[in-house]
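Here is the structure we will look at.
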Amino acid sequence: MIGLIGGIFGAFSAIVFIQLIHWAGSIRQLSPWWIFTLPFSGMLIRYGYLRYGKGILEAPTLAISVFLTHLGGGSAGREGAIIHLARILSTFTGKFLNFEERKSRKLIIASIGSGFGASLGAPFAGLIFGFEVNRHPFLRPMTVLHSIIASLIASTLFRWSGLLPFRLPEFVVPDYSPTVFALTAVVGILFGFMTVIYHALKRKWEERLSLHSPLLAGFIGGGILFTLFCVFNLKSYQGLGEDGILMAQRQIMPLSEAFRKLVLTVVTLGSGFQGGEFFPLGYIGSALGSSFGFIHASSAVLYSSIGFVAIYAAATGTPIAGTLLACELFGWKILPYAACALFLADRIHKRLSFKSGQDS
């Protein structure tokens, strides 16, 4: 039963938010004036979480918040919202059905993993993600079985919905060589440093806004985001950033692309806007990896592809799921390169984040 419920919750969460964000983006494209809603959306989102941010009402609050974020063009993702909704539904169901704690935890793992995997068209990665992000031991046979069933159900329901997961163009993974492995290790370390920078900036921004009342903080955050988009002509970085990710696959991008998206994502998510981190961090990683192509142009698409998953995997502490995701998206030949970069990025992030936590 846990696998069935988890798969339904995972698929439902993925379908709801992918469709919701698509609607918001379509409406935004019809008129540039929606960007003016950002300061007021920031206030409304903050108010919604203050008033309705706990219990089952958190679910509609999250949905409205994600819609408003993408309607105004905030630099946010969707997988975080999918995971969050799956967790809310699973927690509420566990309480409603009087599940013991272990059973509720199994349901959460199954629903989160199946939703993540279904949204990206990567069921194996989703299966592992549910365990890894919840810091749950992998070798629990019944939990694994529930998660497998949930992943199969969620993937099937998602396909039936008619929605398609985001896909990057196919490319030929370079043959294995010491040079490419060495450069992959270097770029993996850079991904780790970028993850540290992202979390440090986001934490500082949140601390700065916390000096104000929640509603004022939301207004200020939205106002600054609006200013960045309009005054500095950064409207092309709105939303998920799918076009920028695809562009990084086709050409070598300047390093400034990664830092522009980084700043906008920090301001968006640090101000309380909702949606998640996967696609913004995927954009940052793709642009950073692509820019490394100035050193080794023939492998630029490889570094960009690994970057698409590396920074998010390091940020969430899920290098195994991230490596599997790279394999499901780009083919299994990428496995050694992806594992090298992702585990180095994860190690750098954990080491430097731990030290900065001690210093603070």
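The values are calculated or read from the model by the stated rules, or taken from the named source; none is laboratory data. Remember, it's a predicted structure, so these values are computed and weren't measured experimentally. Cβ sites come from the backbone with ideal geometry, for glycine too, and all protein chains shown count toward neighbours. To get the accessible areas, we keep the full protein, side chains included, count just its heavy atoms, and leave off ligands, DNA and RNA. Shrake-Rupley method; radii C 1.70, N 1.55, O 1.52, S 1.80 Å.
Things worth noting here:
- Q274 long-range amide H proximity, modeled H, under 5 Å: T69
- Taking only Cα atoms of the range 152-241, radius of gyration then Dmax in Å: 20.5, 55
- The 3J(HN,Hα) values that the Karplus relation (6.51, -1.76, 1.60; θ = phi - 60°) gives for the range 105-120 are, in residue order, 5, 4, 5, 4, 4, 5, 6, 5, x, 5, x, 5, x, 5, 5, 9 Hz. Gly and Pro appear as x.
- Cα centroid of the range 116-147 to Cα centroid of the range 161-234, whole Å: 24
- Divide the volume of the convex hull around the Cα atoms of the range 1-97 by the residue count and you get 75 Å³ per residue.
- Counting every C-alpha pair in the range 70-222, the share spaced more than 21 angstrom apart comes to 64%.
- In loop segments of the range 121-180 as defined by DSSP, the trypsin sites (Lys or Arg not before Pro) with at most 15 further C-beta atoms inside 10 Å of their C-beta are R135, R167.
- Loop sites in the range 71-180: chymotrypsin sites (Phe, Trp or Tyr not before Pro), DSSP, at most 13 other Cβ within 10 Å: F138, Y176
- Of the accessible area of the range 208-360, computed with a 1.4 Å probe over protein heavy atoms only, carbon and sulfur atoms account for 62 percent.
- For the chain, the residue among F259, Y52, A200 whose Cα projects farthest onto the positive side of the dipole built from Cβ charges is Y52.
- Calculated FRET efficiency for the pair L211/E100, C-beta based, R₀ 45 Å, to 0.05: 0.60
- For the range 290-360, the convex hull drawn through the C-alpha positions has a volume of 88 cubic angstrom per residue.
- Other residues with beta-carbon under 14 Å from the beta-carbon of W34 carry, at +1 per Lys or Arg and -1 per Asp or Glu, a net charge of +2.
- With at most 13 neighbouring Cβ atoms within 10 Å, loop GluC sites (Glu not before Pro) (DSSP) excluded, longest segment of the chain: 171-360
- In this structure, D243 and V172 have a Cβ-Cβ separation that, at R0 = 25 Å, corresponds to a calculated FRET efficiency of about 0.60.
- Helix-only [θ]222 nm of the chain, DSSP H runs n ≥ 4, -39500 (n - 2.57) each, per residue, nearest 500: -25500 deg cm²/dmol
- The range 52-159 shape via C-alpha gyration tensor axes, a/c threshold 1.5: oblate
- Apolar share of the accessible surface for the range 54-175: 67 percent from carbon plus sulfur atoms, 1.4 Å probe.
- Net charge dipole, the chain: roughly 640 debye, given to the nearest 20, about the Cα centre with Cβ charges of +1 for Lys and Arg and -1 for Asp and Glu.
- Think of a 1.4 Å ball rolled over the protein heavy atoms: the chain then has 44 Å² of accessible area per residue.
- Fraction in percent of alpha-carbon pairs per bin - 10 Å, the chain: 6, 25, 33, 27, 8, 1
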